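**Student:** There's a structure below that I have some questions on.
FYI, it's all coordinate maths here, none of it is from the lab. What you are looking at is a predicted structure, and each value in this text was computed from that prediction instead of being measured. All Cβ positions, glycine included, derive from the backbone under ideal geometry; neighbour counts span all protein chains shown.
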Amino acid sequence: MPDIPLPNRSDAMADELTQEDISGFVDQSPVPTMAIDRDLRYIYANQAYCQAIGRPIDEVLGKYVFDIYQAPSDHELSFRRKCSLSFQGEVTRSEVQTSVFTDDEGRSRTVYWQTTQEPFFGRDGQVRCVVQRVEDVTHLVELQKSHDVIVTELDHRVKNFVSVILATARITSLSADSVEQYTEDFCSRVDSMARIYSRMSADGLKGLSLRSVFEDELAQVAARKSIQYSLKGDDVQLTVKSSKDGGMVIHEFVTNAVRHGCFSRPEGRLDVEWAVVGNELRVLWVESGLTGIKPPDKKGFGTRLTDMLPNARVTRTYHDTGLTIEYIVPVEIITDDGGQDENWLAGDQ
């Protein structure tokens, strides 16, 4: 760090700073400050302190502290103890206190504050008085509250996410024919969930649009092979919960299309349309350009997943040239986060 030269000062200039000047610093300080004697009577209060308690200085000096400031008896006892320690030479700090202030328009504001009591020593080394400074800690209290809310919410979301992963692992095992297939399917599903969470987190943990969820899943396939598809539908904004649920369903639809459906053959094509009709969201998933399509011999993960979705109706129609899936869900399920248990998947046994 470079040396910063300071201007030379003469002793005469230093002497110009009088005791009155020094006390003026405290008088004009924005920090409420007061001093009391051993009888807990005011012997000093600066402008900020008088403004904070709403009393002029001539109504404060010489008065007993709790004749001016009304407080519960337990607070008065605690204050006496702290002042007793400060008169013995210790610096003490009070617990956070709360005050409610009302402005001229009747609007109330809660203020959190904390005091520090410091001994003021005379030239003889004896404590002459106790100086108290009042600190507005409202921003710190609110910051702590926000922190606590975030920690609680994070704990809740992590537990739910882990529960969903465990449930996904269990359900995946029911449809996997080998360890290799299980590993591939499970990792693919967790990766899809992670992408959904990442995109929502990047946007302040807000829900995604239905179109963007389709586009993200299809982009994963398009990056590896040439595919034909179209998306057509209203601008539907999903909640956080429905973004996660919808992401899992769409991932399964796309995965099945890659393995057995329209994306498994060059001539295959996917057309997806959706619309809000009345109080329902209707999604039509149409795979075409295929031959010899028939229902699977056993129930896969995607079918198990959609069967578990509360309030959703899913119809699969298999025909020789393709597959049509109609997915219908009440609009309030996708627009109201309070409409469904967030941990519904993990609750399946």
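**Student:** At R0 = 30 Å, how high is the FRET efficiency between R123 and E95 if r is their beta carbon distance? Nearest 0.05 is fine.
**Tutor:** 0.35
**Student:** Another one. Can you give the FRET efficiency to the nearest 0.05 for V276 and E135, using r as the Cβ-Cβ distance and R₀ = 56 Å?
**Tutor:** 0.55
**Student:** Inverting the mean 1/r over all pairs of different Cα atoms, compute the Kirkwood radius of the chain and quote it in Å. If you can, show how the numbers build up before the last one.
**Tutor:** On the way: mean 1/r = 0.0373 Å⁻¹.
Final number for the Kirkwood radius of the chain is 26.8 Å.
**Student:** Restrict the search to region 40-119; then list the GluC sites (Glu not before Pro) that DSSP places in a loop and that have at most 14 other Cβ atoms within 10 Å of their Cβ.
**Tutor:** Passing both the DSSP loop test and the Cβ count: E90, E95, E105.
**Student:** Quick check: Cα centre of region 126-156 to Cα centre of region 45-79, how many Å?
**Tutor:** Here the two parts' Cα centres lie 22 Å apart.
**Student:** For D37 and S78 in the same chain, what is the full-extension length gain: residue separation times 0.36 nm, less their Cα-Cα distance, in nm?
**Tutor:** Stretched fully, the D37-S78 segment lengthens by 13.1 nm.
**Student:** First check a/c for region 16-136, with a ≥ b ≥ c the square roots of the eigenvalues of its C-alpha gyration tensor; if it is under 1.5, answer rounded, and if not, answer prolate when a/b is larger than b/c or oblate otherwise.
**Tutor:** It comes out oblate by the Cα gyration axes.
**Student:** For the chain, calculate the relative contact order in percent as a whole number, restricting contacts to Cα pairs under 8 Å that are 6 or more residues apart.
**Tutor:** 10 percent
**Student:** Here is a follow-up. If you build a Gaussian network model of the chain, linking Cα atoms that sit under 10 Å apart, which residue out of L140, L309, L77 swings the most?
**Tutor:** L77
**Student:** Still on this structure: So for region 159-304, considering every pair of alpha-carbon atoms, how many percent are separated by more than 27 Å?
**Tutor:** 24 percent
**Student:** Please state, as a whole number in µm²/s, the translational diffusion coefficient that the Stokes-Einstein equation yields for region 154-219 at 4 °C and 1.567 mPa s, with Rh defined as the Kirkwood radius across alpha carbon pairs.
**Tutor:** Numbers: Rh = 13.2 Å.
It comes out at roughly 98 µm²/s.
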